1. How many residues does the range B:115-144 contain that are outside any helix (DSSP H, G or I), of a type in the set (Val, Ile, Thr) and farther than 23 Å from residue A:239 by Cα?
2. Kindly indicate whether any position in the range A:135-146 is surrounded by 14 or more Cβ atoms within 10 Å (Cβ to Cβ), more than 7 Å from every other protein chain (Cβ to nearest Cβ) and modelled with pLDDT of 80 or more.
3. Considering only the range C:117-155, state which residues are of a type in the set (Val, Ile, Thr) and in contact with a strand residue (DSSP E or B) (Cβ under 6 Å, 6 or more places away or on another chain).
4. Considering only residues that are over 23 Å from residue B:133 (Cα atoms) and assigned to a loop (DSSP other than H, G, I, E, B), look in the range A:197-248 and name the one that is farthest from the other protein chains (Cβ to nearest Cβ).
5. Need at least 1 residues that are of a type outside the set (Asp, Glu), over 27 Å from residue B:87 (Cβ atoms) and more than 8 Å from chain B (Cβ to nearest Cβ) per element, so show me which helices (runs of 4 or more DSSP H) inside the range C:1-114 make the cut, counting only ones lying wholly within it.
6. Scan the range B:20-44 for residues that are modelled with pLDDT under 90 and of a type in the set (A, V, I, L, M) and jot them down.
7. Filter the range C:8-27 down to the residues that are crowded, with 18+ Cβ neighbours inside 10 Å and farther than 26 Å from residue B:122 by Cα and list them by number.
Amino acid sequence: MSAQQVQGELPLALVDGEPLTKLPEDLYIPPDALEVILDAFEGPLDLLLYLIRRQNLDIVRIDVAEITRQYMGYIALLEAMRFELAAEYLVMAAMLAEIKSRALLPKAPSSEDDEELDPRAELIRRLLEYEKIKQSAESLDALPRIDRDFQVAQAASPDIDCHVSPPAVDLSELVVAFGELLARAQLSSAHQIEWEPLSTRQRMSEVLMKLKERAELTLADVFSVDEGRAGVVVSFLAILELVREGLCALVQAAPGSVIYIRGVADA
Amino acid sequence: MPEPDRIQILEAALFSAREPMSIYRMRQLFGDAKPPSEGMLREALDRLAELYADRAVQLVEVAGGFRFQVSETFAPYLAHLNDDKPGRYSRATLETLAMIAYRQPVTRGEIESVRGVAVNTQIIRTLEERGWITVVGYKEVPGRPALYATTTQFLDDFGLKTLDDLPAAEGLISAPTEDLLDQLDSSNE
Amino acid sequence: MPEPDRIQILEAALFSAREPMSIYRMRQLFGDAKPPSEGMLREALDRLAELYADRAVQLVEVAGGFRFQVSETFAPYLAHLNDDKPGRYSRATLETLAMIAYRQPVTRGEIESVRGVAVNTQIIRTLEERGWITVVGYKEVPGRPALYATTTQFLDDFGLKTLDDLPAAEGLISAPTEDLLDQLDSSNE
């Protein structure tokens, strides 16, 4: 409190050469905005930039003490609300605290061989650099982009083999790709999902493909005698799975009458 | 550029479309306000076809609607571009194909959730054009996403009789991973 | 139709191509006999561009070569049709892309040090799969981190001919920063 009052006597900052001695009323972000903060900011530099820009200040003229106070207040609020803070925010808090404490110390006689970086200058350099990237990201996004702002104009080609011959794929490549995918998925997912045997999934696709051609199928359309018992089981499982996933429906007019399989879209 | 006229709007749409465009779709171009009638559209299409009379692309009507197509005359020239060596499919394309082969019928969202990255439309298009995958239905969830499955041509091209002939990737992969974990565990002790 | 002229052959090829077509590829169109020189091709391309001056599609040159594209003017109309809207990119993704575009070749660590936050692996993969960035080498420092750069496709997709066409690149050169820091130093004394 007292620190803030002392701060109040001194010019907080210079705005276009004019000393600013009073804090603008809207300096704090309202608490209800905190819920979006972690999504809204791309890290501590982004948050600092926001705080600085709210005061319409040049980055090079920032009042570290004031910015530190606001930043800390922000972090404290976030922590109080039990947001899980990325470590980067805390590192920045420590850095700001260090700069602030240095500013309070009397300035040591400048020595030529003092190679140590002035942390305030370093912070300003990083802020300036980050702001440039932020702006260039915005201007990059503003450029007309393929498929979003303009389309490639294409016409159907004559029906000759005029396309570059498509790449050949070896079966082993496909298996390796899938294996890698699974290995990666295992790393990111805690639970293992049981999948239907492939023959069932193939049969599911076949039933769906048939349903594209015809609105409804009888069970006889799906079961094939020459596949034997195993084929019937596979077909049956496929239909059950499709019904479970809501991809088709079983319809029967009356008990004992023919059971139809219908695509859900047409049902 | 002044406000685009009806002919130009149709021209833009026809050149961006990957498939023939029906009159019904063309009417959608103009929003809900007051879409032009079929007669007005056909008139504009006639006019557009005239504009391209001397060009290398022609506006034609086919079964699914209208499209621009490059005249047959140019086939021999285009064939010269053919000599290129075939490229390779990206890892993303192979993984997408693998997901569809092993997990069909599957939506794009499901592929994305396993892969952890968005699936580019171009990848789906490439695989469709290659004749390896097709849309077999739509899932009854919000947005009604398309369900993809592999085709007979996929089986043929990979020398498979049924999907069951696909090597069991689960078995192949989990084993080495287990081994690694075992090794890791024992080295920790 | 009489024997097609050079302009029409280019027109046919450009409308059949999926990617921008380089002058080198255009020369291949004409077979081995006596392909037109680059100058002759550029002349024909100029003439072709004029023919389309009032049309809804325009001939443009980008990094990878020439292509016809539907002008932005029509985006609002086409939006009425578009069912799969191209995804928007997060700020984190755009900032990472900007870092790579403006500072290439650059390591992930360098991106992180400027952004002040860790760069998510998925962001890098998304950009790689989109074909916008690629690994061009490894930095000779401990850990040999990958060096990322943007691709020709990145330039093509953003309608640019070279990296110099990137907007406001001056702002990213470090000179102004130095000046400011000098000022700062002197004002402190």
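1. Qualifying residue count, the range B:115-144: 2.
2. yes
3. Those that are of a type in the set (Val, Ile, Thr) and in contact with a strand residue (DSSP E or B) (Cβ under 6 Å, 6 or more places away or on another chain): C:133, C:135, C:136, C:150, C:151.
4. A:223
5. Filter on the range C:1-114 gives C:6-16, C:38-51, C:75-79, C:91-103.
6. Hits for the range B:20-44 are B:29, B:33.
7. Within the range C:8-27, C:8, C:9 meet the criteria.
The values are calculated or read from the model by the stated rules, or taken from the named source; none is laboratory data. In this text, all values refer to a predicted model and were calculated from it rather than measured experimentally. Virtual Cβ from ideal backbone geometry, glycine too; neighbours counted across all protein chains shown.
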